[in-house]
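Worksheet: the structure to be examined is printed underneath.
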Amino acid sequence: MEGAAAVRPARVRHVLRALMTAVACAGLAVFTAGQAAAAPGSDVSGEYVALGDSYTAGPLIPLQTGQPVGCLRSDHNYPSLVRAALHSSAFKDVSCSGSTTKEMSSPQSVTGGTNPPELDALSEHTDLVSLGIGGNDIGFASIIETCALKSPTKPLGAACRDYYNQGGRDQIADRIDATAPKVAAVLDAIDKRSPDAKVLVVGYPTILPDTGPGCFPVIPFSPGDVAYFRGIEKKLNAMLEQQAQDAGAEYVDTYRTSIGHDACKLPGTKWVEGLVPTSPAAPVHPNALGERNSANNVLHTLHVRELAGA
């Protein structure tokens, strides 16, 4: 097939690795002191602690201010925007790109130093906790790379789905099931450290279109693999929602409100970047508009007036 030949696996692998290397290196260059602009909202006193991975941290979104720099933490990620709207008396954003449930209780070595265990930021005085985790536990980055390499070889099939379903079991579904008790353990640890805190579990936004075949070759997934990846993300979010419910926390759905703003849309409309970003953000991660949408979903859950202009 001409379409398959146009996207060479070696070329895709080279582009993906070059982009990921650029993300890691950029953390050293783009961090600058700054503070998120204040946003309208009701005064809510108390300490807010944000825990999570890169979808929380906001890699490469200006300005990159967090330490260590390898966490690629933006002052315009959703925790910073929520903090500004709440006028919190104390704020700790310890989210870090690449973190898994393990790094909630273990230190994480990154460029420029070590991010302490994220749970260490909590105390009995913490009033609000947001948690965005799970994607790295199931291997989001490796799934995307694998699909980008394998999917073009069967443009009318679903080579990525077939790869992860060898032997009659869906390996990714199994990974999600295995991550559920890890998320439950993190939520239990949060409750023990901050028993009076309101806890929000923040889900993942729409990455690929919620319906339809996708946008091959911009995102080099066949229609069958677009449907497969869509199902993976929905299963992951459903697991996070269930764990939040079981723990007495609240789930923040960022998927539903981001439908129509996926990585296949044009700049200015998309809230998640593609493999080649068109605005300052990491590949296949929320841009500033996506972080703002996540912030508004958090504020909506807290019954606080949302940010204007989103």
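A few comments on the model shown:
- Among residues of segment 276-301, those that are over 15 Å from Glu250 (Cβ atoms) and β-branched (Val, Ile, Thr), counted: 3
- Number of positions in segment 130-171 that are in contact (Cβ under 8 Å) with a residue 40 or more places away in the chain and in contact with a Lys or Arg (Cβ under 7 Å, 6 or more places away or on another chain): 5
- Residue match in segment 80-89 (condition: within 13 Å of the chain's Cα centre (by Cα) and closer than 25 Å to Thr301 by Cβ): no
- If you go through segment 251-308 and pick out every residue that is within 17 Å of Val218 (Cβ to Cβ), of a type in the set (S, T, N, Q) and within 14 Å of the chain's Cα centre (by Cα), you end up with 1.
- A search for C-beta distances below 6 Å between a residue of segment 44-65 that is on the phi < 0 side of the Ramachandran plot and in contact (Cβ under 8 Å) with a residue 40 or more places away in the chain and any residue that is in a strand (DSSP E or B) and of a type in the set (S, T, N, Q), counting only pairs 6+ apart in sequence or on different chains, returns Glu47/Thr126; Val49/Thr126; Ala50/Ser130; Ile61/Ser74.
A quick yes/no check of all residues on (1) in a strand (DSSP E or B); (2) touching a residue at least 60 places away in the same chain (Cβ under 8 Å); (3) out of contact with any Lys or Arg (no Cβ under 7 Å at 6 or more places or on another chain):
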site: Leu208; (1), (2), (3): no, no, no
site: Lys234; (1), (2), (3): no, no, yes
site: Gln245; (1), (2), (3): no, no, yes
site: Pro267; (1), (2), (3): no, no, yes
site: Pro283; (1), (2), (3): no, yes, yes
site: Glu291; (1), (2), (3): no, yes, yes
site: Asn296; (1), (2), (3): no, no, yes
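- Test: residue in segment 115-133 that is surrounded by fewer than 23 Cβ atoms within 10 Å (Cβ to Cβ), closer than 25 Å to Ala197 by Cα, in contact with a helix residue (DSSP H, G or I) (Cβ under 6 Å, 6 or more places away or on another chain) and not hydrophobic (A, V, I, L, M, F, W, C): no
- When Ala159, Ala184 are screened for being crowded, with 16+ Cβ neighbours inside 10 Å, over 15 Å from the mean Cα position of the chain (by Cα) and under 17 Å from Asp53 (Cα atoms), only Ala184 passes.
- Candidate set: segment 76-95, residues that are in a loop (DSSP other than H, G, I, E, B) and touching a Pro at 6+ places or on another chain (Cβ under 8 Å); chosen: the one farthest from Asn136 (Cα to Cα): His76
- Top-ranked residue in segment 223-248 [being surrounded by 21 or more Cβ atoms within 10 Å (Cβ to Cβ) and hydrophobic (A, V, I, L, M, F, W, C); ranked as nearest to Pro152 (Cα to Cα)]: Val226
- Qualifying residue in segment 100-123 (condition: farther than 24 Å from Arg175 by Cα, modelled with pLDDT under 95 and assigned to a loop (DSSP other than H, G, I, E, B)): no
- Some residue of segment 134-155 being more than 14 Å from the chain's Cα centre (by Cα), assigned to a loop (DSSP other than H, G, I, E, B) and surrounded by fewer than 20 Cβ atoms within 10 Å (Cβ to Cβ): yes
- The numbered conditions (1) under 22 Å from Val82 (Cα atoms); (2) surrounded by fewer than 22 Cβ atoms within 10 Å (Cβ to Cβ) are all true for Ser194 except (2).
- Matching entry among Asp196, Asp174, Asp188 (being closer than 26 Å to Glu241 by Cβ, in contact (Cβ under 8 Å) with a residue 40 or more places away in the chain and not in a loop (DSSP other than H, G, I, E, B)): Asp188
- Cβ pairs under 8 Å, 6+ apart, first in segment 108-119 and closer than 18 Å to Thr65 by Cβ, second among the β-branched types (Val, Ile, Thr) and crowded, with 21+ Cβ neighbours inside 10 Å: Asn115/Val94; Pro116/Val94; Glu118/Val94
The values are calculated or read from the model by the stated rules, or taken from the named source; none is laboratory data. The model shown is predicted, which means the values in this text are computed figures rather than measured ones. Positions of Cβ are generated from backbone atoms using ideal geometry, with glycine treated the same way; all protein chains shown enter the neighbour counts.
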